[in-house]
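Chemist: My questions all concern the structure below.
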Amino acid sequence: MKIGFNEANDRFCKDHTVMKDLELCEKYGFEGIDIQSMCLDRDLESGKITLEELADWFKNHNVKMLSYNALEHFNMKQTQEEKDEVMAKFDEILRRCLILGCDTIVVVPSENIGVEATISEIREEAVAVLRQMLAKCEPHGIRLSLEFCGAPGMSINRFEDAYAIVQEINSPLVGITLDQYHFHGMASSWESLEKADGKKIFIWHLNGTEDVPCGAAYNTDEKRLWPGDPKDCLDHKRFADTLKKIGYAGDYCIIEIFRPEYYELSQEENVKKSAEVTKAHVEKYWG
(Lines give C-alpha, C1' and ligand atoms only; values in the text may rest on other atoms or scores of the structure.)
Protein backbone atom coordinates (compact mmCIF):
# COMPACT_ATOMS: atom_id res chain seq x y z
CA MET A 1 0.00 0.00 0.00
CA LYS A 2 1.45 3.34 -1.10
CA ILE A 3 0.84 6.55 0.82
CA GLY A 4 -0.58 9.82 -0.43
CA PHE A 5 -1.10 13.36 0.85
CA ASN A 6 -4.13 15.61 0.38
CA GLU A 7 -3.50 19.34 0.56
CA ALA A 8 -6.50 19.78 2.86
CA ASN A 9 -4.06 18.84 5.62
CA ASP A 10 -1.95 21.98 5.36
CA ARG A 11 -3.66 24.38 2.97
CA PHE A 12 -3.91 27.16 5.56
CA CYS A 13 -0.44 26.74 7.04
CA LYS A 14 1.58 29.95 6.93
CA ASP A 15 3.13 30.72 3.52
CA HIS A 16 1.70 27.54 2.00
CA THR A 17 2.51 26.79 -1.64
CA VAL A 18 1.78 23.81 -3.87
CA MET A 19 5.39 23.53 -4.94
CA LYS A 20 6.54 23.36 -1.32
CA ASP A 21 4.01 20.56 -0.76
CA LEU A 22 5.50 18.60 -3.64
CA GLU A 23 9.03 18.98 -2.32
CA LEU A 24 8.00 18.06 1.23
CA CYS A 25 5.97 15.07 0.07
CA GLU A 26 9.03 13.76 -1.73
CA LYS A 27 11.23 14.48 1.29
CA TYR A 28 9.02 12.60 3.76
CA GLY A 29 8.13 9.61 1.62
CA PHE A 30 4.72 10.32 0.14
CA GLU A 31 4.33 8.68 -3.25
CA GLY A 32 1.29 10.63 -4.41
CA ILE A 33 -0.64 13.84 -3.81
CA ASP A 34 -4.21 15.10 -4.23
CA ILE A 35 -3.90 18.68 -5.45
CA GLN A 36 -6.60 20.84 -3.86
CA SER A 37 -8.25 23.19 -6.34
CA MET A 38 -8.20 26.01 -3.79
CA CYS A 39 -4.43 25.72 -3.35
CA LEU A 40 -3.74 25.50 -7.06
CA ASP A 41 -6.04 28.41 -7.93
CA ARG A 42 -4.39 30.53 -5.26
CA ASP A 43 -0.89 29.85 -6.55
CA LEU A 44 -1.83 30.29 -10.20
CA GLU A 45 -3.54 33.63 -9.50
CA SER A 46 -0.58 34.92 -7.48
CA GLY A 47 1.90 33.85 -10.16
CA LYS A 48 3.77 31.48 -7.84
CA ILE A 49 3.52 28.66 -10.37
CA THR A 50 2.23 27.80 -13.83
CA LEU A 51 0.53 24.62 -14.93
CA GLU A 52 3.45 23.90 -17.21
CA GLU A 53 5.98 24.22 -14.37
CA LEU A 54 3.89 21.90 -12.25
CA ALA A 55 3.63 19.39 -15.09
CA ASP A 56 7.40 19.46 -15.57
CA TRP A 57 7.93 18.77 -11.87
CA PHE A 58 5.74 15.66 -12.00
CA LYS A 59 7.56 14.42 -15.10
CA ASN A 60 10.89 14.61 -13.32
CA HIS A 61 9.97 13.27 -9.86
CA ASN A 62 8.45 10.16 -8.36
CA VAL A 63 5.49 11.78 -6.60
CA LYS A 64 2.34 11.19 -8.66
CA MET A 65 -0.62 13.55 -8.94
CA LEU A 66 -3.39 11.26 -7.73
CA SER A 67 -6.39 13.52 -8.30
CA TYR A 68 -7.64 16.99 -9.03
CA ASN A 69 -9.63 17.66 -5.88
CA ALA A 70 -12.22 18.83 -6.73
CA LEU A 71 -15.09 20.03 -8.87
CA GLU A 72 -17.51 21.05 -6.13
CA HIS A 73 -21.32 21.33 -6.15
CA PHE A 74 -21.73 19.63 -9.51
CA ASN A 75 -25.36 18.51 -9.26
CA MET A 76 -28.97 19.68 -8.76
CA LYS A 77 -28.53 23.03 -10.44
CA GLN A 78 -31.91 24.67 -11.09
CA THR A 79 -31.21 27.01 -14.02
CA GLN A 80 -29.49 26.53 -17.34
CA GLU A 81 -27.05 29.27 -16.43
CA GLU A 82 -26.03 27.36 -13.29
CA LYS A 83 -25.67 24.13 -15.27
CA ASP A 84 -23.54 25.85 -17.90
CA GLU A 85 -21.32 27.30 -15.18
CA VAL A 86 -20.67 23.85 -13.72
CA MET A 87 -19.77 22.46 -17.12
CA ALA A 88 -17.47 25.39 -17.85
CA LYS A 89 -15.64 24.72 -14.56
CA PHE A 90 -15.40 21.07 -15.48
CA ASP A 91 -13.99 21.91 -18.92
CA GLU A 92 -11.27 24.04 -17.29
CA ILE A 93 -10.38 21.27 -14.82
CA LEU A 94 -10.21 18.77 -17.66
CA ARG A 95 -7.91 21.12 -19.58
CA ARG A 96 -5.64 21.40 -16.56
CA CYS A 97 -5.58 17.64 -16.03
CA LEU A 98 -4.45 17.10 -19.60
CA ILE A 99 -1.54 19.47 -19.02
CA LEU A 100 -0.67 17.98 -15.64
CA GLY A 101 -1.00 14.33 -16.66
CA CYS A 102 -3.64 13.78 -13.96
CA ASP A 103 -6.01 10.89 -14.61
CA THR A 104 -8.68 11.44 -11.92
CA ILE A 105 -11.11 14.28 -11.14
CA VAL A 106 -12.97 14.22 -7.84
CA VAL A 107 -16.56 15.51 -8.05
CA VAL A 108 -18.36 16.70 -4.92
CA PRO A 109 -22.15 17.02 -4.62
CA SER A 110 -24.10 20.19 -3.94
CA GLU A 111 -25.19 21.22 -0.46
CA ASN A 112 -28.48 22.76 0.72
CA ILE A 113 -29.96 22.49 -2.75
CA GLY A 114 -33.12 24.50 -2.01
CA VAL A 115 -35.58 21.97 -3.45
CA GLU A 116 -37.19 19.03 -1.68
CA ALA A 117 -35.83 16.38 -4.04
CA THR A 118 -36.07 12.68 -3.26
CA ILE A 119 -33.06 10.38 -3.24
CA SER A 120 -34.21 8.84 -6.52
CA GLU A 121 -34.58 12.28 -8.13
CA ILE A 122 -31.12 13.30 -6.96
CA ARG A 123 -29.71 10.01 -8.23
CA GLU A 124 -31.33 10.41 -11.66
CA GLU A 125 -30.03 13.95 -12.07
CA ALA A 126 -26.51 13.07 -10.88
CA VAL A 127 -26.33 10.18 -13.33
CA ALA A 128 -27.30 12.50 -16.18
CA VAL A 129 -24.71 15.15 -15.28
CA LEU A 130 -21.92 12.63 -14.70
CA ARG A 131 -22.66 11.00 -18.05
CA GLN A 132 -22.19 14.38 -19.76
CA MET A 133 -18.83 14.75 -18.04
CA LEU A 134 -17.90 11.14 -18.79
CA ALA A 135 -18.42 11.74 -22.51
CA LYS A 136 -15.74 14.43 -22.32
CA CYS A 137 -13.41 12.26 -20.24
CA GLU A 138 -13.60 9.06 -22.28
CA PRO A 139 -11.39 10.18 -25.20
CA HIS A 140 -8.61 10.90 -22.68
CA GLY A 141 -9.12 7.97 -20.28
CA ILE A 142 -9.66 10.38 -17.36
CA ARG A 143 -11.71 9.08 -14.45
CA LEU A 144 -14.44 10.69 -12.35
CA SER A 145 -14.46 9.89 -8.64
CA LEU A 146 -17.71 10.77 -6.85
CA GLU A 147 -17.16 11.83 -3.25
CA PHE A 148 -20.24 11.55 -1.04
CA CYS A 149 -20.03 13.94 1.92
CA GLY A 150 -21.36 12.89 5.31
CA ALA A 151 -23.30 15.99 6.33
CA PRO A 152 -27.11 16.41 6.56
CA GLY A 153 -27.28 19.18 3.98
CA MET A 154 -25.32 17.36 1.30
CA SER A 155 -27.39 16.03 -1.59
CA ILE A 156 -25.36 12.79 -1.73
CA ASN A 157 -24.29 12.01 1.81
CA ARG A 158 -24.08 8.24 2.20
CA PHE A 159 -21.88 5.62 0.58
CA GLU A 160 -24.80 3.49 -0.58
CA ASP A 161 -26.39 6.41 -2.46
CA ALA A 162 -23.16 7.33 -4.22
CA TYR A 163 -22.46 3.70 -5.04
CA ALA A 164 -25.91 3.31 -6.62
CA ILE A 165 -25.12 6.24 -8.93
CA VAL A 166 -21.81 4.69 -9.94
CA GLN A 167 -23.44 1.32 -10.52
CA GLU A 168 -26.09 2.83 -12.77
CA ILE A 169 -23.51 4.62 -14.92
CA ASN A 170 -21.53 1.37 -15.09
CA SER A 171 -18.30 2.70 -16.54
CA PRO A 172 -14.74 1.75 -15.59
CA LEU A 173 -14.04 5.50 -15.58
CA VAL A 174 -16.59 6.35 -12.86
CA GLY A 175 -16.03 5.37 -9.25
CA ILE A 176 -16.15 6.44 -5.60
CA THR A 177 -14.00 8.51 -3.28
CA LEU A 178 -14.35 6.81 0.09
CA ASP A 179 -13.50 9.17 2.93
CA GLN A 180 -13.61 7.53 6.36
CA TYR A 181 -14.86 10.71 8.08
CA HIS A 182 -17.69 11.10 5.56
CA PHE A 183 -18.60 7.42 5.84
CA HIS A 184 -18.97 7.81 9.61
CA GLY A 185 -20.55 11.28 9.44
CA MET A 186 -23.97 10.13 8.24
CA ALA A 187 -23.67 6.50 9.38
CA SER A 188 -23.21 4.94 5.95
CA SER A 189 -23.99 1.25 5.72
CA TRP A 190 -21.16 -1.16 6.48
CA GLU A 191 -23.21 -3.88 4.81
CA SER A 192 -23.30 -1.86 1.58
CA LEU A 193 -19.55 -1.33 1.70
CA GLU A 194 -18.89 -5.00 2.41
CA LYS A 195 -20.92 -5.95 -0.67
CA ALA A 196 -19.34 -3.36 -2.95
CA ASP A 197 -16.88 -3.99 -5.77
CA GLY A 198 -13.57 -2.63 -4.50
CA LYS A 199 -12.50 -1.79 -8.05
CA LYS A 200 -15.17 0.92 -8.07
CA ILE A 201 -13.50 2.67 -5.13
CA PHE A 202 -10.89 4.85 -6.82
CA ILE A 203 -9.71 6.92 -3.83
CA TRP A 204 -9.52 6.16 -0.11
CA HIS A 205 -9.10 9.07 2.30
CA LEU A 206 -7.70 8.23 5.72
CA ASN A 207 -8.50 10.27 8.83
CA GLY A 208 -9.79 10.00 12.36
CA THR A 209 -12.62 11.91 14.01
CA GLU A 210 -13.91 12.92 17.38
CA ASP A 211 -16.75 10.83 18.83
CA VAL A 212 -19.59 13.26 18.15
CA PRO A 213 -23.13 12.32 17.02
CA CYS A 214 -23.63 11.39 13.39
CA GLY A 215 -25.57 14.12 11.62
CA ALA A 216 -25.03 16.74 14.32
CA ALA A 217 -24.71 20.29 13.02
CA TYR A 218 -21.37 20.63 14.80
CA ASN A 219 -20.02 17.39 13.34
CA THR A 220 -17.97 19.19 10.71
CA ASP A 221 -14.63 18.64 8.96
CA GLU A 222 -13.02 20.50 11.85
CA LYS A 223 -13.65 17.43 14.04
CA ARG A 224 -11.19 15.38 11.99
CA LEU A 225 -8.07 14.03 13.70
CA TRP A 226 -4.84 12.27 12.91
CA PRO A 227 -5.79 8.58 12.73
CA GLY A 228 -4.90 6.90 16.00
CA ASP A 229 -5.25 10.08 18.07
CA PRO A 230 -6.48 9.24 21.60
CA LYS A 231 -9.79 11.01 20.80
CA ASP A 232 -10.24 9.18 17.47
CA CYS A 233 -13.32 6.94 17.42
CA LEU A 234 -13.08 5.32 13.97
CA ASP A 235 -12.71 1.56 13.52
CA HIS A 236 -9.60 1.60 11.35
CA LYS A 237 -9.17 -2.15 11.41
CA ARG A 238 -12.65 -2.66 10.03
CA PHE A 239 -12.07 -0.16 7.24
CA ALA A 240 -8.79 -1.84 6.27
CA ASP A 241 -10.14 -5.38 6.54
CA THR A 242 -13.21 -4.51 4.48
CA LEU A 243 -11.20 -2.80 1.76
CA LYS A 244 -8.91 -5.83 1.54
CA LYS A 245 -11.87 -8.20 1.37
CA ILE A 246 -13.68 -6.36 -1.44
CA GLY A 247 -10.51 -5.86 -3.47
CA TYR A 248 -9.79 -2.15 -3.18
CA ALA A 249 -7.56 -1.48 -6.16
CA GLY A 250 -6.62 2.13 -5.53
CA ASP A 251 -3.06 1.32 -4.40
CA TYR A 252 -2.90 4.45 -2.19
CA CYS A 253 -3.85 5.35 1.36
CA ILE A 254 -4.30 9.14 1.23
CA ILE A 255 -4.49 11.21 4.39
CA GLU A 256 -7.01 14.09 4.35
CA ILE A 257 -7.68 16.20 7.44
CA PHE A 258 -9.17 19.71 7.79
CA ARG A 259 -8.37 20.55 11.42
CA PRO A 260 -7.71 24.21 12.30
CA GLU A 261 -5.15 23.48 15.01
CA TYR A 262 -3.07 21.48 12.51
CA TYR A 263 -2.87 24.60 10.32
CA GLU A 264 -0.96 26.25 13.14
CA LEU A 265 1.97 23.95 12.37
CA SER A 266 4.50 25.01 9.77
CA GLN A 267 3.92 23.49 6.36
CA GLU A 268 6.91 21.19 6.86
CA GLU A 269 5.80 20.09 10.33
CA ASN A 270 2.36 19.30 8.97
CA VAL A 271 3.60 17.20 6.05
CA LYS A 272 6.12 15.39 8.26
CA LYS A 273 3.46 14.51 10.85
CA SER A 274 1.04 13.48 8.10
CA ALA A 275 3.66 11.10 6.71
CA GLU A 276 4.42 9.63 10.13
CA VAL A 277 0.79 8.80 10.98
CA THR A 278 0.01 7.49 7.48
CA LYS A 279 3.05 5.21 7.47
CA ALA A 280 2.17 3.97 10.97
CA HIS A 281 -1.40 3.26 9.87
CA VAL A 282 -0.35 1.32 6.79
CA GLU A 283 2.21 -0.66 8.74
CA LYS A 284 -0.32 -1.56 11.45
CA TYR A 285 -3.31 -2.44 9.27
CA TRP A 286 -1.85 -3.41 5.90
CA GLY A 287 1.48 -4.95 6.87
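The values are calculated or read from the model by the stated rules, or taken from the named source; none is laboratory data. Quick caveat: nothing in here was measured; it's all calculated off a predicted structure. Cβ atoms come from the backbone with ideal geometry, glycine included; neighbour counts cover every protein chain shown. For the accessible areas, the whole protein counts, side chains as well, though only heavy atoms, and no ligand, DNA or RNA atoms are used. Shrake-Rupley method; radii C 1.70, N 1.55, O 1.52, S 1.80 Å.
Chemist: Give the ranking of ARG11, ARG259 by solvent-accessible surface, highest area first, calculated with a 1.4 Å probe.
Modeler: ARG11, ARG259
Chemist: Order MET19, MET133, MET87, most accessible first, counting only protein heavy atoms with a 1.4 angstrom probe.
Modeler: MET19, MET87, MET133
Chemist: Also: Leaving out ligands and nucleic acids, and using a 1.4 Å probe, what accessible area per residue does the stretch 209-261 come to in Å²?
Modeler: 46 Å²
Chemist: Taking 2.2 N^0.38 Å as the expected size of a compact globular protein, what ratio does the Cα radius of gyration of the stretch 147-287 give against it, to two decimals?
Modeler: Dividing the Cα radius of gyration by 2.2 N^0.38 Å gives 1.03.
Chemist: In Å², what does the accessible area per residue of the stretch 2-60 work out to with a 1.4 Å probe?
Modeler: 43 Å²
Chemist: R0 = 22 Å: FRET efficiency of GLU268 with GLU52, Cβ-based, nearest 0.05?
Modeler: 0.25
Chemist: In whole percent, and with a 1.4 Å probe on the protein chains, what portion of the accessible area of the chain is carbon and sulfur?
Modeler: 47 percent
Chemist: Calculate for the chain the 222 nm mean residue ellipticity that helices alone would give, adding -39,500 (n - 2.57) per DSSP H run of length 4 or more and normalising by residue count, nearest 500 deg cm²/dmol.
Modeler: Calculated mean residue ellipticity at 222 nm is -13500 deg cm²/dmol.
Chemist: Continuing with the same structure: Step through the table entries LYS83/LYS223; LYS2/LYS245; LYS223/LYS279; LYS14/LYS223, compare each Cα-Cα distance with 27 Å, and write down the pairs that go over it.
Modeler: LYS83/LYS223
Chemist: While we're looking at this one, here's another question. Enumerate the residues in the stretch 130-170 having an amide nitrogen under 16 Å from the point lying 7 Å beyond the Cα of VAL212 toward its Cβ.
Modeler: 150-154
Chemist: Just subtract the alpha-carbon distance of ASP15 and LYS284 from 0.36 nm times their residue separation and send over the number in nm, one decimal.
Modeler: 93.5 nm
Chemist: Check the straight Cα-Cα distances from LYS77 and name the aspartates and glutamates below 16 Å, setting aside those fewer than 8 residues away within the same chain.
Modeler: In chain and number order, the partners are GLU85, GLU111, GLU116, GLU121, GLU124, GLU125.
Chemist: Report the Stokes-Einstein translational diffusion coefficient (µm² s⁻¹, integer) for the stretch 13-66, Rh taken as the Kirkwood radius over Cα pairs, at 10 °C with viscosity 1.306 mPa s.
Modeler: Stokes-Einstein gives a translational diffusion coefficient of 139 µm²/s.
Chemist: Treat the chain as a sphere of radius equal to its Kirkwood radius over Cα pairs and apply Stokes-Einstein at 37 °C in a medium of 0.692 mPa s; give the translational diffusion coefficient in µm²/s, rounded to a whole number.
Modeler: 172 µm²/s
Chemist: Follow-up. PRE reach from GLU194 (point 7 Å along Cα→Cβ): which of the stretch 226-252 fall under 16 Å by backbone N?
Modeler: Once the point is set 7 Å along Cα→Cβ of GLU194, 235-247 turn out to lie under 16 Å by backbone N, inside the stretch 226-252.
Chemist: What's the percent breakdown of Cα-Cα distances in the stretch 32-126 across 10 Å bins, shortest bin first?
Modeler: With 10 Å bins starting at 0, P(r) equals 14, 42, 27, 14, 4.
Chemist: Okay, next question. List the aspartates and glutamates whose Cα sits under 15 Å from the Cα of LYS284, skipping any in the same chain fewer than 8 residues away.
Modeler: Within the straight-line limit of under 15 Å, LYS284 reaches these aspartates and glutamates: ASP229, ASP235, ASP241, GLU276.
Chemist: Report, for the stretch 163-287, the % of DSSP beta bridges that are antiparallel, rounded to 5.
Modeler: Once the DSSP bridges in the stretch 163-287 are tallied, antiparallel ones form about 25 percent.
Chemist: What fraction of the DSSP beta bridges in the chain is antiparallel, stated in percent and rounded to the nearest 5?
Modeler: Of the beta bridges lying entirely in the chain, close to 10 percent run antiparallel.
Chemist: Accessible area, 1.4 Å probe, largest first: how do TYR285, TYR262 sort?
Modeler: Largest accessible area first, the list is TYR285, TYR262.
Chemist: Can I ask one more? At a probe radius of 1.4 Å, what is the per-residue accessible area of GLU53, in Å² to the nearest 10?
Modeler: Only protein atoms counted, so the area is about 100 Å².
Chemist: Tell me, which cysteines of the chain are without a disulfide-compatible partner by the Cβ under 4.7 Å rule?
Modeler: If one checks each Cβ against the other cysteines of the chain, CYS13, CYS25, CYS39, CYS137, CYS149, CYS214, CYS233, CYS253 turn up with nothing under 4.7 Å.
Chemist: Over the stretch 103-191, average the accessible area per residue using a 1.4 Å probe and give it in Å², no decimals.
Modeler: Heavy-atom SASA per residue in the stretch 103-191 reads 38 Å².
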